[in-house]
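Single-structure report; data block below.
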């Protein structure tokens with residue numbers, strides 16, 4: 001293929017992408033009211049096991065939810081619904097990030113609890129998470145990180161549908177010469193994640209929001225993100241909005257002299273993906289953190305870690321730590337206006353994993369299994 005042909009094909013492809021994103025911006029600008037779970041007569045919670053250790057963890061998470069929600073399940077106020085088919089085998093066979101019948105089942109739910117899913121390296125099969133965030137418009141990825149003894153109480157608001165991930169499988173390649181991917185920042189997309197971060201700060205008595213970008217280099221996209229965040233911040237005069245570059249912020253999180261001053265973070269997709277894993281590691285590892293992905297109509301809560309193929313290969317999948325999926329379940333309960341039950345779960349997890357520690361997990365056969373830990377958890381005041 002000659003150079004001119006490559007350029008013409010790339011221009012046509014880019015026109016398609018640009019048109020799609022402009023149409024998306026227009027749809028977002030219209031907005032839609034968020035669900036009020038406190039007023040809903042019936043809430044459907046979809047359970048998506050995923051791949052690898054996911055089904056093992058989900059089975060135990062279901063036990064915990066069944067105990068906490070026993071009264072609501074008995075009268076039909078809440079339904080726990082298993083969603084099958086979001087596996088690497090089914091996705092690969094159909095050549096779709098989320099097969100059509102699985103997506104239809106997902107959209108019949110109000111909220112989702114999801115185990116880890118595998119994304120193959122290379123090829124064109126999109127991440128199931130990226131596809132789900134787009135299809136359900138889950139624009140806010142919210143991750144709390146708390147280490148009281150270090151003075152750490154952070155909440156990260158990561159824009160979840162834009163940035164480098166929006167078109168991550170739809171870049172341009174000229175074989176043997178170059179590859180290009182695209183980064184997307186929209187006015188409506190940035191404005192709504194900024195508002196979510198500042199609303200949270202106001203509602204929770206926080207006084208500082210850090211806007212984290214690389215606007216000195218990515219002048220168009222990150223520059224726009226920064227500008228819009230400050231426009232939103234003007235409506236919250238009691239909250240200080242500070243600009244930080246992502247590289248400096250990664251260093252700040254491990255600097256004990258400064259990190260305790262941070263409270264709320266708002267940042268684009270890729271930076272948020274990376275820095276929240278760093279923050280989770282400070283908390284005790286990605287296996288201890290849960291993640292909330294929220295929009296106006298749907299919400300998905302998930303374990304932060306991966307599918308742990310090595311544990312499965314070694315026959316130790318049953319010893320996977322359920323802390324992350326249970327933290328995700330806690331976030332889910334808070335989202336559906338059942339904070340009292342979320343508090344019960346958080347207190348039980350703190351007692352079992354930090355205070356008493358009568359059952360200790362190591363992730364291997366020399367420690368307790370996932371089921372044994374949940375037996376212990378269910379035997380407490382839960």
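The values are calculated or read from the model by the stated rules, or taken from the named source; none is laboratory data. From a predicted model like this one, the values you see are computed outputs, not experimental measurements. Neighbour counts are summed over all protein chains in view; Cβ atoms, including those assigned to glycine, are modelled from backbone coordinates with ideal geometry.
Restricting the stretch 130-142 to residues that are in contact with a strand residue (DSSP E or B) (Cβ under 8 Å, 6 or more places away or on another chain) and at pLDDT 90 or above, which is farthest from residue 28 (Cα to Cα)? Break it down into steps so the answer makes sense when it comes.
The initial filter retains those residues of the stretch 130-142 that are in contact with a strand residue (DSSP E or B) (Cβ under 8 Å, 6 or more places away or on another chain), namely 132-133, 136, 138-142.
Cutting the leftovers down to at pLDDT 90 or above gives us 132, 136, 138-142.
Details: 132: 17, 136: 12, 138: 12, 139: 10, 140: 14, 141: 17, 142: 19 Å.
Restricting to residues being in contact with a strand residue (DSSP E or B) (Cβ under 8 Å, 6 or more places away or on another chain) and at pLDDT 90 or above, the top hit is 142.
When only residues in the stretch 217-235 that are within 11 Å of residue 186 (Cα to Cα) and touching a helix residue (DSSP H, G or I) at 6+ places or on another chain (Cβ under 8 Å) count, which is surrounded by the most Cβ atoms within 10 Å (Cβ to Cβ)?
225
Return the residues of the stretch 313-362 that are crowded, with 17+ Cβ neighbours inside 10 Å and not in a helix (DSSP H, G or I); say none if nothing qualifies.
Scanning the stretch 313-362 gives 316, 320, 321, 322, 336, 338, 359, 361.
All but one of (1) surrounded by fewer than 23 Cβ atoms within 10 Å (Cβ to Cβ); (2) within 20 Å of residue 304 (Cβ to Cβ); (3) modelled with pLDDT under 95 hold for residue 55; which doesn't?
Tallying (1) surrounded by fewer than 23 Cβ atoms within 10 Å (Cβ to Cβ); (2) within 20 Å of residue 304 (Cβ to Cβ); (3) modelled with pLDDT under 95, residue 55 fails exactly one: (3).
State yes or no: is residue 130 under 28 Å from residue 193 (Cα atoms) and not in a strand (DSSP E or B)?
Yes, satisfied.
Quick one: which strands (runs of 3 or more DSSP E) lie wholly within the stretch 204-305 and hold at least 3 residues that are within 23 Å of the chain's Cα centre (by Cα), in contact (Cβ under 8 Å) with a residue 12 or more places away in the chain and within 20 Å of residue 153 (Cβ to Cβ)?
208-213, 264-267, 290-294
Does residue 36 count as surrounded by 19 or more Cβ atoms within 10 Å (Cβ to Cβ), on the phi < 0 side of the Ramachandran plot and out of contact with any strand residue (DSSP E or B) (no Cβ under 7 Å at 6 or more places or on another chain)?
No.
I need the strands (runs of 3 or more DSSP E) fully contained in the stretch 141-198, keeping only those with at least 3 residues that are in contact (Cβ under 8 Å) with a residue 24 or more places away in the chain and either surrounded by fewer than 17 Cβ atoms within 10 Å (Cβ to Cβ) or within 18 Å of the chain's Cα centre (by Cα) (or both).
On the way: elements: 152-159, 172-174, 178-180.
Those strands (runs of 3 or more DSSP E) span 152-159.
Please count how many residues of the stretch 90-115 are under 18 Å from the mean Cα position of the chain (by Cα), surrounded by fewer than 24 Cβ atoms within 10 Å (Cβ to Cβ) and in contact (Cβ under 8 Å) with a residue 60 or more places away in the chain.
Residues meeting the conditions: 5.
What are the residue pairs meeting all of these: first residue in the stretch 25-41, first residue in a loop (DSSP other than H, G, I, E, B), second residue surrounded by 10 or more Cβ atoms within 10 Å (Cβ to Cβ) and at pLDDT 80 or above, Cβ atoms under 6 Å, and 6 or more apart or on different chains?
Sorted first by the residue in the stretch 25-41, then by its partner, the pairs are 32/296; 34/296.
Any residue at all in the stretch 42-55 that is closer than 23 Å to residue 377 by Cα, touching a residue at least 12 places away in the same chain (Cβ under 8 Å) and in a helix (DSSP H, G or I)?
Within the stretch 42-55 (the criterion being closer than 23 Å to residue 377 by Cα, touching a residue at least 12 places away in the same chain (Cβ under 8 Å) and in a helix (DSSP H, G or I)), the answer is yes, since at least one residue qualifies.
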